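J.: Would you mind keeping the following structure in view while I ask a few things?
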Amino acid sequence: MVGAVQQRPAGGRLADPMLWAVLALGITQIIGWGTTHYALGVLGTPILAEMGWSRSTVFLGFTVALITGGFASTWIGRLIDMHGGRRIMTIGSALMAVGLVALAHVKDQAIYLAVWAFLGIAMRMTLYDAAFAALVQVTPTRGRRAISYLTLFGGLASSIFWPIGHYLAAAVGWREAVLIYAALNAFICLPLHLAGLARREAAAAPAAAVGQSANATERQPLEGRARRIGIALFALIMSLNGFVFGVLSVLLVSVLESTGLAVATAVWLASLKGVAQVGGRIVEMFWWRNLHPLTVGRISIALLPASILLLLWAGASFPLALAFTLVMGASQGILTIVRGAVPLALFGPAGYGTVLGLIATPIMLVNALAPTIYAAIIDTWGAEVGEWLLFGCAVLAMLAMEATALWYWRRRS
């Protein structure tokens with residue numbers, strides 16, 4: 001896998017394994033994210049209305065899912081390396097369908113939380129980290145490009161499934177909507193994982209045959225102690241960013257409201273984040289594709305504290321709030337690519353699933369806890385203190401990224 005040849009398949013573009021893998025996973029990522037990660041965004045209120053639970057209980061299910069997925073992350077990453085992304089993602093789709101069927105029938109709080117814990121494992125087996133590892137197994141020589149293409153699909157999940165979920169909940173009820181979600185995972189995602197990941201790139205070839213030269217040393221993956229240090233540093237960077245985005249992914253409307261904007265304006269601005277994410281990914285694909293992933297990471301991570309400064313200065317200013325939303329969304333969109341591309345560049349395709357699993361564990365745990373921690377802080381000290389906390393985390397992430405890049409390039413030189 002490590003030395004796979006980058007060449008056009010004998011059957012032309014339509015025979016390219018990467019094309020079919022990206023198309024298949026693109027569809028499954030839209031469905032997977034839309035039916036789990038973004039589900040409570042529109043189904044949470046109907047669940048609350050029927051069950052009579054508190055809002056915190058309803059959304060605690062999603063927190064439990066992230067925590068469970070985080071603890072299982074390294075183990076699932078190793079399974080992907082051992083048995084292949086195709087098999088694990090196919091099983092994950094089946095588990096996702098089972099979990100959603102169970103969710104559609106829950107009547108008890110404890111069972112509700114247990115089902116979300118089960119779904120957390122299924123999510124880890126089917127969403128981005130698993131998909132990135134599966135793509136690298138299909139096309140190790142074009143892993144970064146494949147990851148960039150795939151994230152364009154994933155960025156559409158909320159835009160597609162929030163309207164669908166809202167319509168289904170109003171038309172047939174939230175339980176029936178969840179059963180439809182289960183059917184999508186069973187009858188679309190499962191066969192697409194089986195078929196779309198069935199083929200891989202051409203076999204490996206000697207380094208000389210593909211023109212490797214002095215640059216081969218730069219591309220050589222980190223090993224031993226350097227590998228462990230690199231993984232720890234990148235996990236720290238992404239966890240600090242994960243706190244910021246964990247808050248903004250759940251509480252963006254509330255954060256914008258706290259600046260003095262009207263609720264309707266805050267909702268409209270928040271909806272633009274997805275557009276900015278896709279825009280950022282397009283910039284990476286077409287203008288930054290020849291930059292080293294670490295360089296792309298440095299740029300995208302530096303955008304985050306800059307965007308939060310705009311938020312701190314915004315007050316009730318619509319132009320500044322708009323600029324904050326767009327810059328922050330672009331940063332998050334590019335960082336999704338960075339999360340898959342930097343480990344591939346630094347550590348290589350061998351054991352890539354395990355590396356992503358190690359890195360994902362702290363990120364998922366931070367994402368799960370961030371909204372609750374932030375809510376407690378603003379309840380105690382106010383929204384401005386919360387915003388400065390987000391700025392501090394973003395600055396620390398930027399400094400850690402700069403230190404990691406300096407450390408890496410010094411080793412290479």
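J.: Roughly speaking, what % of Cα-Cα pairs in the chain are separated by over 30 Å, rounded to a whole number?
T.: Every Cα pair in the chain considered, those over 30 Å come to 40 percent.
J.: Can you check what the net charge comes to around Ala330, using other residues whose Cβ is under 12 Å from the Cβ of Ala330 (Lys, Arg +1; Asp, Glu -1)?
T.: +1
J.: For a quick check, take a GNM of the chain with Cα springs below 10 Å and name the residue from Val250, Val342, Val172 with the largest mean-square fluctuation.
T.: Val172
J.: So how do Asp379, Asp108 rank on accessible area, 1.4 Å probe, biggest first, that is with the largest at the start?
T.: Asp379, Asp108
J.: Under a point-charge model restricted to the Cβ atoms of Lys and Arg (+1) and Asp and Glu (-1), what is the dipole moment magnitude of the chain relative to its Cα centre, in debye to the nearest 20?
T.: Roughly 1360 debye for the chain.
J.: Looking at the chain as a GNM with Cα springs under 10 Å, which of Ala122, Ala21, Ala170 has the largest mean-square fluctuation?
T.: Among Ala122, Ala21, Ala170, the largest GNM mean-square fluctuation belongs to Ala170.
J.: Put Ile76, Ile121 in order of accessible area, largest first, 1.4 Å probe: what do you get?
T.: Ile121, Ile76
J.: How much of the accessible area of the chain, in percent, comes from carbon and sulfur atoms when a 1.4 Å probe is used?
T.: Carbon and sulfur: 67 percent of the exposed surface of the chain.
J.: Could I ask something else about it? Determine ³J(HN,Hα), in whole Hz, for all residues of segment 70-83 in sequence, where each value follows from phi through the Karplus function 6.51 cos²θ - 1.76 cosθ + 1.60 and θ = phi - 60°; x replaces Gly and Pro.
T.: Those phi angles translate into x, 5, 8, 4, 5, 4, 5, x, 5, 4, 5, 5, 6, 10 Hz.
J.: Another question about this same structure. Which value, in debye to the nearest 20, gives the size of the charge dipole of segment 75-134 about its Cα centre, when Lys and Arg are +1 and Asp and Glu are -1 at the Cβ?
T.: 100
J.: Mind ordering 361-369, 80-88, 326-334 by average Cβ neighbours within 10 Å, highest first?
T.: Averaged packing, sorted descending, gives the order 326-334, 361-369, 80-88.
J.: Now, a different point. Residues with beta-carbon under 11 Å from that of Ile378, excluding Ile378: net charge, scoring Lys, Arg +1 and Asp, Glu -1?
T.: With Lys, Arg at +1 and Asp, Glu at -1, the neighbours total -3.
J.: Sticking with this one: Which values of log₁₀ I(q)/I(0), to two decimal places, follow from the Debye formula for segment 126-188 at q = 0.18 Å⁻¹ with a uniform point scatterer at every Cα?
T.: Rounded to two decimals, the profile gives -0.76.
J.: Roll a 1.4 Å probe over the protein chains and send me the accessible area per residue for the chain in Å².
T.: 42
J.: Now a separate question. For segment 353-358, just list the computed ³J(HN,Hα) in residue order, Karplus coefficients 6.51, -1.76 and 1.60, θ = phi - 60°, integers in Hz, with x standing in for Gly and Pro.
T.: Values, residue by residue: x, 5, 4, 4, x, 4 Hz.
J.: Apply the Karplus parameterisation 6.51 cos²θ - 1.76 cosθ + 1.60, with θ equal to phi minus 60°, to every residue of segment 240-250 and state each ³J(HN,Hα) to the nearest whole Hz, in sequence, with x for glycine and proline.
T.: Once θ is set to phi - 60°, the couplings for segment 240-250 become 4, 5, x, 5, 4, 6, x, 6, 6, 5, 9 Hz.
The values are calculated or read from the model by the stated rules, or taken from the named source; none is laboratory data. Not measured: the values here are computed from a predicted model. Note that each Cβ is placed from the backbone with ideal geometry, even for glycine, and that neighbours are counted across all protein chains shown. Quick note on the areas: whole protein, heavy atoms, side chains included, nothing else; ligands and nucleic acids left out. Shrake-Rupley method; radii C 1.70, N 1.55, O 1.52, S 1.80 Å.
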